[in-house]
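A.B. asks: Have a look at this one.
No lab work stands behind these numbers, since they all come straight from the coordinates. Please read these numbers as outputs of a predicted model, since none were measured by experiment. So basically every Cβ, Gly included, is an ideal-geometry build from the backbone, and we count neighbours across all protein chains shown.
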Amino acid sequence: GAVVSQHPSRVICKSGTSVKIECRSLDFQATTMFWYRQFPKQSLMLMATSNEGSKATYEQGVEKDKFLINHASLTLSTLTVTSAHPEDSSFYICSASIRLAGKIYNEQFFGPGTRLTVL
Amino acid sequence: ILNVEQSPQSLHVQEGDSTNFTCSFPSSNFYALHWYRWETAKSPEALFVMTLNGDEKKKGRISATLNTKEGYSYLYIKGSQPEDSATYLCAFGTTDSWGKLQFGAGTQVVVTP
């Protein structure tokens, strides 16, 4: 159980185009999804927290107009990198969690990630 | 920004040997410490979640301990096997982080036959 898929796994695009990445919880309903970015040899950096039916909360320094997040259902969140540039090339990974009553932390279940290369 | 440090960054282990590595984190407002195993081209897999000082968790040949007062956790692999080769991530959550986790950069373990 607790499987999260992410598509595409790899994408190469031209500078100036937009790229959409999907994150799906396959066998559970995720109240919260998280989007991370990872540069080589560095840790996963949280970009934003997405709750179903509400606007995403972005971390400091992350441009909300650049990285559009939509969480339209309890099983799907999308990240759109708008007008991508070479500096947006990175590894993007999502996680999904279920909010349990009485708990502050929630187990996060990860997708396999998306490697974005912008030419 | 809360810093989570993992050391070493990488290590090579001979099959059959045991090994351990460290995750250090700020001890203030501690709530939970997570360990994940991340194999290449796969999703990070949750290994342990620990919340209490002195917690010890075990899963097969892998175990972890937690010291919240001094802010560190150890992950141990006993009798390493090639299938243990992966990057091991730790992540730290605080009482005021609303479920968000701060990740370390990971320890890459390579087990050679």
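A.B. asks: If R₀ is 45 angstrom, what is the calculated FRET efficiency for the pair B:Ser28 and A:Ser15, using the beta carbon separation as r and rounding to 0.05?
C.D. replies: Numbers: r = 43 Å, r/R0 = 0.96.
FRET efficiency, B:Ser28 to A:Ser15: 0.55.
A.B. asks: So what's segment B:38-98 giving for Cα Rg divided by 2.2 N^0.38 Å, two decimals? Display every interim value, and only then the final one.
C.D. replies: Values: Rg = 12.9 Å, N = 61, 2.2 N^0.38 = 10.5 Å.
Taking the Cα Rg and dividing by 2.2 N^0.38 Å, one obtains 1.23.
A.B. asks: Along Cα→Cβ, 7 Å out, is where each label goes; now give me the distance between the ones at A:Glu52 and B:Gln9 in nm to one decimal.
C.D. replies: Between A:Glu52 and B:Gln9, the label points sit 4.1 nm apart.
A.B. asks: Taking all pairs of distinct Cα atoms, average 1/r, flip it, and tell me the Kirkwood hydrodynamic radius of the protein assembly as shown in Å to one decimal place. Provide the component values of the computation, followed by the final result.
C.D. replies: On the way: mean 1/r = 0.0548 Å⁻¹.
It is 18.3 Å.
A.B. asks: Tell me which residues come under 5 Å, amide H to amide H, from B:Gly106 once H is placed; ignore anything under 5 positions away on its chain.
C.D. replies: Answer set, sorted by chain and number: B:Gln6, B:Cys90.
A.B. asks: Can I ask one more? Rounded to the nearest 0.05, what FRET efficiency is calculated for A:Gln42 and A:Ser83 with R0 set to 22 Å and r the Cβ-Cβ distance? Don't skip to the end; give the middle numbers.
C.D. replies: On the way: r = 24 Å, r/R0 = 1.09.
In this case the efficiency is close to 0.35.
A.B. asks: Also: I need the Kirkwood Rh of chain A: take the reciprocal of the average 1/r across all distinct C-alpha pairs and report it in angstrom. All intermediate terms of the calculation are to be shown ahead of the outcome.
C.D. replies: Numbers: mean 1/r = 0.0698 Å⁻¹.
Its Kirkwood hydrodynamic radius stands at 14.3 Å.
A.B. asks: In nm, to one decimal, how far is the modelled label at B:Trp98 from the one at A:Ala72, with both set 7 Å along Cα→Cβ?
C.D. replies: So the two model labels end up 2.5 nm from each other.
A.B. asks: Now for a separate question. Which GluC sites (Glu not before Pro) in segment B:3-108 sit in a loop by DSSP (not H, G, I, E or B) and have at most 16 other Cβ atoms within 10 Å of their own Cβ?
C.D. replies: Values: sites: B:Glu5, B:Glu15, B:Glu39, B:Glu45, B:Glu56, B:Glu70, B:Glu83; in loops: B:Glu15, B:Glu39, B:Glu70.
Answer in residue order: B:Glu15, B:Glu39, B:Glu70.
A.B. asks: Most exposed first by the Cβ proxy, i.e. fewest other Cβ within 10 Å, how do A:Met47, A:Met33 rank?
C.D. replies: A:Met47, A:Met33
A.B. asks: Now for a separate question. Can you give the alpha-carbon Rg of chain B over 2.2 N^0.38 Å, where N counts its residues? Working shown, then result.
C.D. replies: Values: Rg = 13.6 Å, N = 113, 2.2 N^0.38 = 13.3 Å.
Dividing the Cα Rg of chain B by 2.2 N^0.38 Å gives 1.02.
A.B. asks: I would also like to ask the following. Take every DSSP beta bridge whose two residues both sit in the protein assembly as shown, then give the antiparallel share in percent to the nearest 5. Walk me through the intermediate numbers first.
C.D. replies: Details: 73 of 82 bridges.
Antiparallel: roughly 90 percent of the beta bridges in the protein assembly as shown.
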